[in-house]
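Data first, discussion second: the structure below is written as structure tokens.
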Amino acid sequence: MGKREQVVVLGGGESGTGAALLAARMGWAVFLSDKGKLGDAYRQQLVEKGIPFEEEGHHSEDLILQAALVIKSPGIPDTAPLVQQLRQRGVPVIDELSFALRHTAAKVLAITGTNGKTTTTLLLYHLLKEGGLNVGLGGNVGRSLAAQLAEGEQFDWLVLEVSSYQLDGMPGFAPHTGILTNITPDHLDRYDYKFENYIASKMQLVQHMGQEEAFIYYAEDPVIRQALEGRGVKAQLLPVAAAGRPEAAAMLEAEWIRIKGPVRDTLFLYADMVLQGKHNYINTACAVLAAYRAGVSEQAISRGLRSFQNAPHRLEPIAEIKGVAWINDSKATNVDSAWYALDAMQRPIVWIAGGTDKGNDYSQLLPLVQERVKALVCLGVDTSKLQQAFEGVVPMLFQTGSMEEAVQAAAAAAQAGDVVLLSPACASFDLFRNYIDRGDQFRRQVMGLYNEQ
């Protein structure tokens, strides 16, 4: 692409601003367009680098359609009319990650999945750092990779969390190692409400890999197993499975994870890990296999598993108040992730759930809820579907319309030896800005109780 040709960036958030900064560093003419309001920090960065941007409230279509390359935010769907027009004109439209990867020689370890991808990404990054590797972190977590490269950062390895949206905008993507934690229905509104379309999006992770690359996946997930059939995957397959699966590269046994390769047989005791619960053992096994492939030693991996600190809002312990544990799992925005959270609890549960329902089917939760949940605190503008699903299943059921009400109701229902678990199984947008805001409000309310003791 010539230096004078126009690069247009659609979307002025973290990824869009980063892409604009990197394109400007490469000496190209750049224009950023965002129909919404630019954040002050992003606006300042663009002004400092002399990058022109759209006056808020519209897209200058005539200018955009003349672009030689368009880099779009992953939040803008391919079905958007402007994207459709660009594709009809033959203008390449890619994601920020795809653009950034053109400008680094780093080997990429990429993680996707409906649930567990952020935890697995952060753990793998931590293990590589513990192993002394020159490693960067980006994608759907942390800072924009393009922004880091624009600042002159250089890495030998990159650990990237990639969402289905990002994979859709990364043609030909073939990481050194790909991890797929699971696939369950989510974001179906983006995929014509067809689960098979969402599955195909996730499987883009592996479809361009060659024999030198490796694909790590949870072999007990029936959706992944079926999706692999007939796809002609060329990558090395490194499945994670329960004990007794001879083809597994990593097995979950009674007290440890057994790694069968690629270095040698090693055991990592669950008791020595910060992350607990079956879903986290799966995530850990995936991360350990990938770390081994990057050359990290067994000793460094063991240290990293003991010292890792997970991101907030993911089974995050907040406090112990009068014998009641309070856990923030606000990131659980779908039914499957709530199942994992409920399954990981070892105490009777007071469960706070609810929010914007994304077409949820709560039936898979019924056995767990019946066995472990003593009270359900419904939190949201409309929780009728949630209440109908569990009425008569849990002994106590409450309806609340604010986090303060929810925490007060949970405190009244909980006794010493219980756990109060915020694991909503729903999106947050009815009462909160996002899952972070929801989790932060939960933390503040719980710490208020703690300080009143």
For region 287-298, indicate whether the set of residues that are touching a Lys or Arg at 6+ places or on another chain (Cβ under 6 Å) and at pLDDT 90 or above is non-empty. no
Which pairs have Cβ atoms under 7 Å, sit 6 or more apart or on different chains, and link a residue in region 270-286 that is of a type in the set (Asp, Glu) to one that is surrounded by 20 or more Cβ atoms within 10 Å (Cβ to Cβ)? ASP272/LEU305
Of the residues in region 1-36, those that are within 16 Å of LEU145 (Cα to Cα) and exposed (fewer than 14 other Cβ atoms within 10 Å of the Cβ) number 0
With the requirement that a residue be more than 16 Å from LEU109 (Cβ to Cβ), in a helix (DSSP H, G or I) and basic (Lys, Arg), what does region 251-300 give you? LYS278
Restrict the check to region 221-242 and report whether at least one residue is of a type in the set (S, T, N, Q), touching a Leu at 6+ places or on another chain (Cβ under 9 Å) and more than 23 Å from ALA425 (Cβ to Cβ). no
Need the failing condition index for GLN85 against (1) free of Cβ contacts under 8 Å to residues at least 40 places away in the same chain; (2) in a helix (DSSP H, G or I); (3) closer than 20 Å to SER307 by Cβ; (4) not aliphatic (A, V, I, L, M), just the number. (3)
So which strands (runs of 3 or more DSSP E) are wholly in region 343-453 and hold at least 2 residues that are out of contact with any His (no Cβ under 8 Å at 6 or more places or on another chain) and closer than 22 Å to ARG314 by Cβ? 349-353, 373-379, 419-422
Please determine whether any residue of region 6-16 is more than 23 Å from the chain's Cα centre (by Cα) and farther than 28 Å from GLN154 by Cβ. no
Extreme residue, farthest from THR118 (Cα to Cα), among residues of region 396-436 that are modelled with pLDDT of 95 or more and among the charged types (D, E, K, R): GLU405
Name the single residue that is modelled with the lowest pLDDT among those in region 37-74 being surrounded by 14 or more Cβ atoms within 10 Å (Cβ to Cβ) and of a type in the set (Gly, Ala, Ser). GLY39
Would you mind finding the one in ARG245, ARG303 that is among the charged types (D, E, K, R), in a helix (DSSP H, G or I) and either modelled with pLDDT under 95 or more than 25 Å from GLN346 (Cα to Cα) (or both)? ARG303
Scan of region 44-58 for residues that are touching a Leu at 6+ places or on another chain (Cβ under 6 Å) and under 22 Å from GLN166 (Cβ atoms), ordered by number: none
Any residue that is at pLDDT 95 or above, in a strand (DSSP E or B) and either farther than 21 Å from THR119 by Cα or hydroxyl-bearing (Ser, Thr, Tyr) (or both) - is there at least one of those in region 319-339? no
When you look at ARG314, is it in a loop (DSSP other than H, G, I, E, B) and touching a residue at least 24 places away in the same chain (Cβ under 8 Å), yes or no? yes
Tally up the residues in region 211-255 that are under 21 Å from the mean Cα position of the chain (by Cα), within 26 Å of GLY295 (Cβ to Cβ) and not hydrophobic (A, V, I, L, M, F, W, C), please. 3
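Residue-wise test of (1) in contact (Cβ under 8 Å) with a residue 12 or more places away in the chain; (2) crowded, with 20+ Cβ neighbours inside 10 Å.
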position: TRP326; (1), (2): yes, yes
position: VAL335; (1), (2): yes, yes
position: ASP343; (1), (2): yes, no
position: ARG347; (1), (2): yes, no
position: ILE352; (1), (2): yes, yes
position: LYS358; (1), (2): yes, no
position: PRO367; (1), (2): no, no
position: LYS374; (1), (2): yes, no
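The values are calculated or read from the model by the stated rules, or taken from the named source; none is laboratory data. What you see is a predicted model, and the numbers here were worked out from it, not measured in a lab. Please note: Cβ atoms are built from the backbone with ideal geometry, for glycine as well, and neighbour counts cover all protein chains shown.
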